[in-house]
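Just so it is clear, none of the values below were taken in a lab; they were calculated from the coordinates. No experiment lies behind these values; they were computed from the predicted model shown. Heads up, the Cβs are rebuilt from the backbone with ideal geometry, glycines too, and the neighbour counts pull from every protein chain shown.
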Amino acid sequence: MDYMISIALFAISASVTPGPNNIMVMTSGLNFGVKKSLPLLTGICVGFAIMLLLVGLGFSQLFNMFPHLSLIIKIVGTAYLLYLAWLIASTSSVANGNQQARPLGFLKGAIFQWVNAKAWVVAIGAISAFTTVGEQYATQNLTIATTFFIVSFPCVGVWLMFGSLLRQKLENQTYLRWFNISMALLLVISVLPVALDVWSQLTAV
């Protein structure tokens, strides 16, 4: 029981704290509403659970075999996050039923986990902290992935609901513009540690 509580608490703290996933979901909720943003939310939760399973199965060993793979993922991930920040900052109006604007979907939400630096840190940290070598390893790995899958929906969903509530308050395009710019800046700030790490690795070569 203590083991399950520890995993659940770790999953809650990792899922509900600010990060690229939550910023994207909240911004999507504000600009497109809950219904249109549900595929993105589902993609994030499913994608991260799959990522946990694969990391637990030894996917992380690829980084030992191919040292430059980590750097490549960080570069691609940083570039993609900065691109998303630009898209968020350039959004100037709330989408309504008659507009063709579309949020990120299920597949993009799932794939995004593989270029999300925070997701990698959480996944490797969870597997390292809550698994032991032996017969129970596979069961523990599945338990961790299942716990995160269940916990992440309400934790990330809180950010979606918050964005949706703000949608009703930010009909004024000026306020909406400043909100999107603020969210874009937060996303850029969340990328800075990874960007600095990439820069240090590139300059060290």
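Observations
- Going by neighbour counts of Cβ atoms within 10 Å, the residues ASP2, ASP197 line up, fewest first, as ASP2, ASP197.
- The slack between ALA204 and ILE75, meaning 0.36 nm per residue of separation minus the straight C-alpha distance, is 44.9 nm.
- When each of LYS35/LYS74; LYS36/LYS108; LYS36/LYS118 is checked by Cα-Cα distance, pairs over 22 Å: LYS35/LYS74; LYS36/LYS118
- Full-extension gain in nm, MET161 to ILE181, via 0.36 nm per residue minus C-alpha separation: 5.3 nm
- Cα-projected label distance for LYS169 with ALA8, points at 7 Å along beta-carbon direction, nm: 3.1
- When shorter helices are ignored and each DSSP H run of at least 4 residues is given -39500 (n - 2.57), the per-residue value for the chain at 222 nm works out to -27000 deg cm²/dmol.
- Candidate values (i) 108; (ii) 117; (iii) 181, label of the one derived for volume of the Cα convex hull per residue in Å³: (ii)
- Computed extension gain for SER90 through LEU142, at 0.36 nm per residue and net of the alpha carbon distance, reaches 14.7 nm.
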